[in-house]
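Written out below as structure tokens is the structure these notes cover.
The values are calculated or read from the model by the stated rules, or taken from the named source; none is laboratory data. Here the structure is a predicted model, which means the values were calculated and not measured. Positions of Cβ are backbone-derived with ideal geometry, glycine not excepted, and every protein chain shown enters the neighbour counts.
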Amino acid sequence: MIRVFDHYVPTRTVLELGTDFLLLLLASVAAGATLIVTHSWPPEADDLLQTLWPALLFAAATSLLFIAFGAYQRDRAGSLRVVMMCALLAAFVGAGPLFLAVVLFSYPRDMALKFLGLSYVYLFVALALIRKPLLGVYAPRLWSRNVLIVGCGSEAVQAAADLTQRGVGGYRLIGFYPSNQECAPLGALPAQVLDPAMSLAQLARTHSVDEIVVGVREQRGGVLPLRHLLDCRTQGIRVHSLASFSERLKGEVPLDSLKASWLIYGNGFAQGWWRTTIKRGFDIVTALVLLLLAWPIMLLAAAAIMLEDGTPVLFRQERVGRHGRSFQVLKFRSMRKDAEKDGIARWAQANDSRITTVGRFIRKTRIDELPQLFNVLRGEMSLVGPRPERPSFVEQLTEQIPFYAIRHSVKPGLTGWAQVRFSYGASLADARRKLQFDLYYVKNHSLVLDIQIILETVRVVLLGEGAR
């Protein structure tokens, strides 16, 4: 894992993104060189240098589209099929804007079309012939790390399952080192139980262990070999608690193994004036740009709501914001006027009968959220942050879910880490799972993470993921 402004990025993701950017650059340079060679021979050195600007433009824009379409999600990493699909989507979605940009800054109109066509052809060839052998055979040696889990109970088994499912080839489980707690049945363990007669430090040296995960929740009463763990740590071997392991691997903070001391003494939760100023500036500029682009869609949505169900078009609802302060969130009305005539707040369900026909469409496409850009401009919300909830829900969830109030230490957002990582929350169990992602964001938020979330929101909107 590489820590980028407090956000954990898998080493494999960095290598894949870097490789894809170089392949995109190579494909577009080859396309530009092909155009020059076919139009003038021998080519001039200055003509070849002029191909670099459109090549960089193509590589940067297409890389952003790859990120937006989820090519580097942790559960999709390493898949050539996913990258090929993302390349097809990028060609479909990005062809128009890229064509205009290339015409404006680089090539005349007829050559720009040929440049883009050749770039995509060379790209697919490069992905098939270079990317798969390079990242599938050689690169894993650079990022694969040997992991040993202390403990062999249910928490350790779950940590091993997460390692297998989310590690995407980046980790190799060496085995389990038993603690003074009960072990799961041997058939339930996906790896060997190591000999406790040997010290943990000896086993780590023998098996070339890079990282140790303490897979034990209750650690009092001499359960853990603390002296041995300290020996491993002084040898340069990383030692992770269940919470820090899950944070790095899954991008969430697990409530079941979370302790207040870990939150208090750990890294994160930066709220300095510099970060706050940068985030506020980013919110204002991006919100104004989105309003400028989206106002025709907002007018059409307002007209459709009026035609189907009359006024009011906008819906105002009390939500809880930063530091527990309430504010009125703005949305396009997607439910019938009498949806909550009894005054009782309810979770939105799949196929909710209260939602109108237009409302179902604008919810699916997230158009109903666009008026919240005005909440962003007023400073009540941010573009990225935990989604704001209604006071009655907040009161209920704060009583039933530990650490729930921590999410109110930052401004609520139009989109968030939970929105691009989890489906729509419609129950207490869903709220617990979403909080795990919200805690990760609150603890590790940065401009880099905000940009990643905004890019991934494009995929969520286009594919209608999680909407109800």
Next item on the list: Evaluate the range 429-436: report whether one residue or more is of a type in the set (A, V, I, L, M), closer than 23 Å to Trp295 by Cβ and surrounded by 22 or more Cβ atoms within 10 Å (Cβ to Cβ).
Entry: no
Item checked: Candidates Ser446, Ser427, Ser409, Ser382 - the one that is among the small types (Gly, Ala, Ser) and more than 21 Å from Phe269 (Cβ to Cβ) -> Ser427
Item checked: Counted residues, the range 278-314 - those being touching a Ser or Thr at 6+ places or on another chain (Cβ under 7 Å) and surrounded by 14 or more Cβ atoms within 10 Å (Cβ to Cβ) -> 3
Check: Only one of (1) modelled with pLDDT of 75 or more; (2) of a type outside the set (Val, Ile, Thr); (3) surrounded by 14 or more Cβ atoms within 10 Å (Cβ to Cβ) is not met by Ala60, so which one is it?
Finding: (3)
Check: Among the residues of the range 363-379, is there at least one that is modelled with pLDDT under 90, among the charged types (D, E, K, R) and in contact with a Lys or Arg (Cβ under 8 Å, 6 or more places away or on another chain)?
Finding: yes
Note to self: Would you confirm whether or not the range 202-217 contains a residue that is modelled with pLDDT under 80 and of a type outside the set (Asp, Glu)?
What the structure shows: yes
Notebook entry, point to check: Checking Leu447 against (1) crowded, with 18+ Cβ neighbours inside 10 Å; (2) modelled with pLDDT under 90, which single condition isn't satisfied?
Noted result: (1)
Note to self: Anything in the range 11-39 that is surrounded by 16 or more Cβ atoms within 10 Å (Cβ to Cβ) and either in contact with a strand residue (DSSP E or B) (Cβ under 7 Å, 6 or more places away or on another chain) or of a type in the set (S, T, N, Q) (or both)? List them, or say none.
What the structure shows: Thr13, Thr19, Ser28, Thr34
Notebook entry, point to check: What residue, among those in the range 1-56 that are closer than 30 Å to Val239 by Cβ and assigned to a helix (DSSP H, G or I), is modelled with the lowest pLDDT?
Noted result: Thr11
